[in-house]
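Asker: Here it is, the structure in full.
Just so it is clear, none of the values below were taken in a lab; they were calculated from the coordinates. This structure is a prediction, so every number in the text was calculated from the model and none was measured. Glycine gets a Cβ as well: all are built from the backbone with ideal geometry, and neighbour counts include every protein chain shown.
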Amino acid sequence: MLLVLEESDGLVLGVRVNGRITRPAFDEIAQRSEHIIEEYGSLRLLVHLQSFPAMDLSAFCADIRFSLRHFGDLDRLALVGDARWHAAYVAVLRPFVPAQLRHYRCRDIDKAWQWLFEGNISGLRPLRVDRPRRPLKATTATLA
């Protein structure tokens, strides 16, 4: 189950994960994320893991597609959880993900929110240079 946390605001989205993630639940979070990316140009995400996340196969496939499509749009990710593997997971991901990643224990969730909101002024669009989504096609035309 995925639950949007009420502290979410502006380009910061917080999600509590507890139990199995279904495709409809994932799609709702993906839609909110895309709206934030469209509005602000990037996304800062807090994922509060309360139990080991399990995903339906269709949700897993949708997650992979979403992650590939928005690979560069994630600015910061705070993973909140007390299991030992949470910190290790963040350490393993760090070299492969362009976003800033941090792990916080559950008792430090307020610090995670504070880090995510640093420099986030709700309602203002941050400046961003858009990168091309598709390579430009070469033409054989010449200028006269």
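Asker: Could you pull out which residues in the stretch 44-76 have an amide N less than 14 Å from a spot 7 Å beyond the Cα of THR22, following the Cα-Cβ vector?
Answerer: Residues 55-59 fall inside that zone.
Asker: Which residues in the stretch 1-42 place their backbone N less than 16 Å from a point set 7 Å from the Cα of ASP110 along the Cα-to-Cβ direction?
Answerer: Residues 7 fall inside that zone.
Asker: Using DSSP to call loops (not H, G, I, E or B), can you name the GluC sites (Glu not before Pro) in the stretch 1-106 whose Cβ has at most 16 other Cβ atoms within 10 angstrom? All intermediate terms of the calculation are to be shown ahead of the outcome.
Answerer: Numbers: sites: GLU6, GLU7, GLU28, GLU34, GLU38, GLU39; in loops: GLU6, GLU7.
Within the stretch 1-106, the qualifying GluC sites (Glu not before Pro) (loop, at most 16 other Cβ atoms within 10 Å) are GLU6, GLU7.
Asker: Can you give the alpha-carbon Rg of the stretch 2-117 over 2.2 N^0.38 Å, where N counts its residues?
Answerer: Expressed relative to 2.2 N^0.38 Å, the Cα Rg reads 0.99.
Asker: Of LEU49, LEU5, GLN31, which is farthest towards the positive pole of the stretch 2-117's charge dipole, taken about the Cα centre with +1 and -1 on the beta-carbons of Lys, Arg and Asp, Glu respectively?
Answerer: So the residue furthest toward the plus end is LEU49.
Asker: Sticking with this one: Suppose the chain between ASP56 and PHE71 were pulled fully straight at 0.36 nm per residue; how much longer would it get relative to their current alpha carbon spacing?
Answerer: Length gained between ASP56 and PHE71: 3.2 nm.
Asker: Relative contact order (percent) for the stretch 1-71, with alpha-carbon contacts under 8 angstrom and 6 or more residues of separation?
Answerer: Details: 104 pairs, mean separation 26.2, N = 71.
The normalised contact order for the stretch 1-71 reaches 37 percent.
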